[in-house]
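The values are calculated or read from the model by the stated rules, or taken from the named source; none is laboratory data. None of these values were measured; they are calculated from a predicted model. Here the Cβ positions follow ideal geometry from the backbone for every residue, glycine too, while neighbour counts run over all protein chains shown.
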Amino acid sequence: MDPYDGRAYPFVAVSLRLLLVRHGLSSFNVERRIQGRNDLSTLTTTGEEQAQCIGHALAEVPIDAAYSSPLQRAAATATGILSVRGDELTPVMDNGLLEVDLEPWSGLTADERASKDPQAYATWRERPENLELTRADGTHYQPIKELMEQAHEFLKSLIERHPINDNHTVLVVGHNAILRCLILVLLGEPQGGFRRLRLDNASLSVFNISPKDNNYQVQIECLNNISHLKPALPAKGKCARIVLVRHGETDWNRQGRFQGQIDIPLNSNGHKQAEAARSFLENVKIDRAYSSSMSRPRETAEGILKSHPGVPLTVTDGLMEIGHGQWEGKLESEIRDGWERLLQAWKDTPETVQMPGGETIQDVWERSVSCWNTIANGLSPSETALVVAHDAVNKTILCHLLGLAPKDIWSVKQGNGGVTVIDMPEDRSQAAVVSCLNLTSHLGGVLDRTAAGAL
């Protein structure tokens, strides 16, 4: 399969690909100052180098158009990316990508902001969508509410300029908060979603948009990918971390067969993917490891743990793949012959489907999230755990963490051997943070090249 043929969903092709990039390290980032909408912060030398790294990482990806915030830290990042690629493209400066307006706080350090307005600062940290500030002219406003409206308008305008059926790839360079809001709009605005995401400087997030009925469907191909930088993973905070990996490829993945709970082992490429994941994670401290009790994730976990001798591997049925019942072992064409309407419902409304002789996605959700919570709650703040499971299991866990629902499982891509990182919050009343999702660069290129398979 050509790695750039656009196939990302198990059932439909990608028509519009968005490459979302946060600007490189800026002078205010270094000083830990609030940037907001002011234009006083500039790219550092490191930030310029990061832009070049993104350009090199995207060298094989065709880009049809580029848009950037006009603020100089973002504009310089966009220009740096395109200059390295040798494109003749010039980024379009778009005010729809301006950063969040934090006028009363602009230029303050984080400590100064916390000292000056502790209550508002606490709201920003815990419930940013509820934050209200006052401008110099005395008007009150809600920064995130305004930014979400801005994100809606930008996305609407972007799709008008690049209709979904035109098969375009579009580079979008912006800032931390506006990109988070764009992502939330793409995902249907999950509750509390702003603090569930992390976007590092010079990170790349890839979103695939495909037509669905009279609307469109969105899929996260990867989120906050910094594998083109050093270090290649976001820095761990003060609390526990879980590295979630999907098992390597099997022959049935390659053939597009529904595997479910039939215990198919890794093929030779799957073992290579496990080895690539081992190399990618070899410098990550791992204290514990968990796997589905099935052979394909267990073999993947064992491959990764070759760089972490002495780390025990615990297997659990809670992480087993969805039971497809009578569909297991069959190709989509074979399933269509016997269950055409049910297969279409699985594509369109997966939360409504009871697999013939198998499970529902709600069944998988309940046991996988329960198992995940048991693992997460058992970790001390200093620990990092490896968890290796399956496509549907990982998708349900990630939908739960992103504030999505069982109906949204097609919104998350999980490539064979893909790496995701989840960080536990300091405040247990807050949601865990999806620090990066479905990194597959260690398998060859920033776009997911793994087999489409079947789910």
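Worth pointing out:
- Filter result (under 23 Å from the mean Cα position of the chain (by Cα) and surrounded by 19 or more Cβ atoms within 10 Å (Cβ to Cβ)) within segment 54-85: 54, 55, 57, 58, 66, 67, 68, 69, 74, 77, 78, 81
- Residue list for segment 116-150, restricted to those being in contact (Cβ under 8 Å) with a residue 24 or more places away in the chain, aliphatic (A, V, I, L, M) and not in a helix (DSSP H, G or I): 133, 136
- For segment 308-326, a tally of residues being crowded, with 17+ Cβ neighbours inside 10 Å and part of a helix (DSSP H, G or I) returns 2.
- Scanning segment 92-113 for residues that are of a type in the set (A, V, I, L, M, F, W, C) and in a helix (DSSP H, G or I) yields 97, 105, 110.
- Single residue of segment 128-146 satisfying the filter (surrounded by 11 or more Cβ atoms within 10 Å (Cβ to Cβ) and of a type in the set (S, T, N, Q)) that is farthest from residue 176 (Cα to Cα): 134
- Scanning segment 1-29 for residues that are modelled with pLDDT under 95 and surrounded by 20 or more Cβ atoms within 10 Å (Cβ to Cβ) turns up 8, 14.
- The set of residues in segment 19-32 that are under 19 Å from residue 76 (Cα atoms) and either outside any helix (DSSP H, G or I) or touching a Phe, Trp or Tyr at 6+ places or on another chain (Cβ under 8 Å) (or both) comprises 19, 20, 21, 22, 23, 24, 25, 26.
- Selected residue (criterion: surrounded by the fewest Cβ atoms within 10 Å (Cβ to Cβ)) from residues of segment 30-53 that are under 29 Å from residue 444 (Cα atoms) and touching a residue at least 40 places away in the same chain (Cβ under 8 Å): 53
- Members of segment 271-293 found to be under 22 Å from the mean Cα position of the chain (by Cα) and part of a helix (DSSP H, G or I), listed by number: 273, 274, 276, 277, 278, 279, 280, 281
- Checklist (1) of a type outside the set (Gly, Ala, Ser); (2) surrounded by fewer than 23 Cβ atoms within 10 Å (Cβ to Cβ); (3) at pLDDT below 95 applied to residue 450, failing item: (2)
- Any hit, segment 372-391, residues being touching a helix residue (DSSP H, G or I) at 6+ places or on another chain (Cβ under 6 Å), assigned to a helix (DSSP H, G or I) and farther than 28 Å from residue 189 by Cβ: no
- Matching residues, segment 335-351, being surrounded by 14 or more Cβ atoms within 10 Å (Cβ to Cβ) and out of contact with any Lys or Arg (no Cβ under 9 Å at 6 or more places or on another chain): 335, 336, 339, 342, 345, 346, 347
- Only listed residue being part of a loop (DSSP other than H, G, I, E, B), surrounded by fewer than 16 Cβ atoms within 10 Å (Cβ to Cβ), assigned by TED's automatic domain parsing to the domain that holds residue 260 and in contact (Cβ under 8 Å) with a residue 12 or more places away in the chain, chosen from 358, 329: 329
- Among the residues examined, residue 240 qualifies as more than 18 Å from residue 443 (Cβ to Cβ), crowded, with 19+ Cβ neighbours inside 10 Å, modelled with pLDDT of 95 or more and under 21 Å from the mean Cα position of the chain (by Cα).
- Given (1) closer than 25 Å to residue 226 by Cβ; (2) in contact (Cβ under 8 Å) with a residue 60 or more places away in the chain, index of the condition residue 410 fails: (1)
- Residues in segment 46-91 that are small (Gly, Ala, Ser) and in a helix (DSSP H, G or I): 47, 51, 55, 57, 74, 75, 76, 78, 80, 83.
- Residue, farthest from residue 255 (Cα to Cα), within segment 374-398, restricted to residues that are of a type outside the set (Gly, Ala, Ser) and surrounded by fewer than 24 Cβ atoms within 10 Å (Cβ to Cβ): 381
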